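Please find one structure pasted underneath; my questions will follow.
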Amino acid sequence: MWGYGYHAYGFSAMLKPISQELGLSRAAASIPASIGRLEGGFMSLLAGWITDKFGPRWLILTGVLLTSLSLALMNVVQAYWAFLLVWGIMLAIGIDLMLAVPMWTAIANWFVKKRGLANGIYWTFSGLSGVLILPLVAWLVTVVGWRTTCLVGGVVMFLVGMPLVWFFVRQHRPEYYGMLPDGASTMGNVREGMEDRGRQYAAEAGEVDFTLREAMRTPAFWLLCLTGACHSLAAPTVSVHGIPFLTDLGIEPLQASSMLALMVMISIPARLIGGFMADRADKNRLRFLIVAAYLLEALGFAFFLLHQTEAMIYFWFVIYGFGMGVGFAIIMPIRARYFGRKSVGRIIGMGQAITMPIGVIGPIWAGWIYDSTGNYIFAFYVIAGLLTFAGMLALSIFPPKPPAKQADS
């Protein structure tokens, strides 16, 4: 909650003050956030491989430490190159190690039949960051400035994050500790055959293990990447440029942050609903959840573009926020349901690496559109069109056929 609050949402509250103090255009000020997403794509490949082979605990600890240090160093940034280094590289690596592939892989490995709900709870705390932490960041920026705001973020992350990860994150799958996913009863000798029991338990939910290479040979993998790329364009663009867009319309910064927080708040129940439905939906019907999520996002943009008033912004944020929440909650559970737990870290990491360039380009491109035209309207039209395309294309994402031979985990 704290990490996403600063990195994903808080940056929007700091974008204008940072760009004004460092003398940057909107596009230039957006580059550090986009560099982080580009680096995250490459980091996802390495983090997925390490997590599958050795476990997530030390990676997440490293991420917490690096995130804390990076936020603290923002207090002394004086030049654009330092801004790129600290926020664009160091903080991005920390966030990716702490909150992305290692964390998602841990959830996928410890839950099977309750994976959607567990993932929904994870994304609920991410959503709470926009409701609770974003307004706090916006208030701190107005009271003590963006530098001290970042320093506060780093100190709190270290004091709270390190103990949480050290005491509660485990390095291996539950089978290693004599347990089954979801807290299911082991029954009998817990020291023998736990790996086979775990595989059998997952098979009851219709899961079959794929290697990364096997997954990449299926149409489902590439269609998930293609449709996810359109979602990856919308989310970072709105989170980075949302508050600048609203303040350009004459809305006060604190009110603008509250409006963006409303969008995130609406997404919170949607994240739980999406996870709940992902657990209960038939494997052959999971694609309809993707269709609904992306078309709702597109519909939110469309309502505002057809009637561009401040009142309609609230309607846009409500519809888009609900679709965004469902979209966040279902992608990882669907990948795990389709491809199993064996190489889930590598499969998620590769998917992130493939879709990440769109998330990298999005905020910079939207900033360039603003610098060129004086508003974001054309960018919003393009995003709405791509989300509609993704929603329709998702109808063709069917579960992959099981591989011919099941390799050992």
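Does residue 271 satisfy the criteria of being basic (Lys, Arg), touching a Phe, Trp or Tyr at 6+ places or on another chain (Cβ under 7 Å) and within 30 Å of residue 345 (Cβ to Cβ)?
Values: basic (Lys, Arg): yes; touching a Phe, Trp or Tyr at 6+ places or on another chain (Cβ under 7 Å): yes; within 30 Å of residue 345 (Cβ to Cβ): yes.
Yes, satisfied.
Just one of 184, 229 is out of contact with any Asp or Glu (no Cβ under 7 Å at 6 or more places or on another chain), within 22 Å of residue 379 (Cα to Cα), of a type in the set (Gly, Ala, Ser) and surrounded by fewer than 23 Cβ atoms within 10 Å (Cβ to Cβ); which is it?
Values: 184 fails: within 22 Å of residue 379 (Cα to Cα).
Unique residue meeting the criteria: 229.
Sticking with this structure for a sec: Surrounded by fewer than 24 Cβ atoms within 10 Å (Cβ to Cβ), at pLDDT 90 or above and touching a Ser or Thr at 6+ places or on another chain (Cβ under 7 Å): which single residue out of 154, 145 fits that description? If you could, list the steps in order and put the result at the bottom.
On the way: 145 fails: touching a Ser or Thr at 6+ places or on another chain (Cβ under 7 Å).
When all the criteria are applied, what remains is 154.
For segment 296-311, name all the residues that are of a type outside the set (Gly, Ala, Ser), surrounded by 18 or more Cβ atoms within 10 Å (Cβ to Cβ) and in contact (Cβ under 8 Å) with a residue 60 or more places away in the chain.
Across segment 296-311, the qualifying residues are 297, 301, 304.
Then there's this: Pairs only if they're at least six apart or on different chains, beta carbon under 7 angstrom, first in segment 85-102 and within 18 Å of residue 73 (Cα to Cα), second of a type in the set (D, E, K, R) and assigned to a helix (DSSP H, G or I); list them, first residue then second.
89/39; 92/39; 93/39
Filter segment 69-99 down to residues that are over 29 Å from residue 174 (Cβ atoms) and of a type in the set (Gly, Ala, Ser) and give me whichever is surrounded by the fewest Cβ atoms within 10 Å (Cβ to Cβ). Outline the logic, then answer.
Looking only at segment 69-99, we keep the residues that are over 29 Å from residue 174 (Cβ atoms), and these are 69-92.
Of the ones still in play, those that are also of a type in the set (Gly, Ala, Ser) are 70, 72, 79, 82, 88, 92.
Numbers: 70: 26, 72: 18, 79: 9, 82: 14, 88: 21, 92: 25.
Here the residue is 79.
So which helices (runs of 4 or more DSSP H) stay within segment 30-140 end to end and still have 1 or more residues that are touching a helix residue (DSSP H, G or I) at 6+ places or on another chain (Cβ under 8 Å) and among the hydroxyl-bearing types (Ser, Thr, Tyr)? Working first, answer last.
Numbers: elements: 57-73, 80-83, 92-99, 101-110, 115-128.
Hits in segment 30-140: 57-73, 80-83, 101-110, 115-128.
Kindly indicate the residue of segment 251-292 that is among the β-branched types (Val, Ile, Thr) and either crowded, with 22+ Cβ neighbours inside 10 Å or assigned to a helix (DSSP H, G or I) (or both) and also modelled with the lowest pLDDT among those meeting that condition.
Looking at residues that are among the β-branched types (Val, Ile, Thr) and either crowded, with 22+ Cβ neighbours inside 10 Å or assigned to a helix (DSSP H, G or I) (or both), I get 264.
The values are calculated or read from the model by the stated rules, or taken from the named source; none is laboratory data. Quick caveat: nothing in here was measured; it's all calculated off a predicted structure. Quick reminder, even Gly has a Cβ in these numbers, built from the backbone with ideal geometry, and neighbours come from all protein chains shown.
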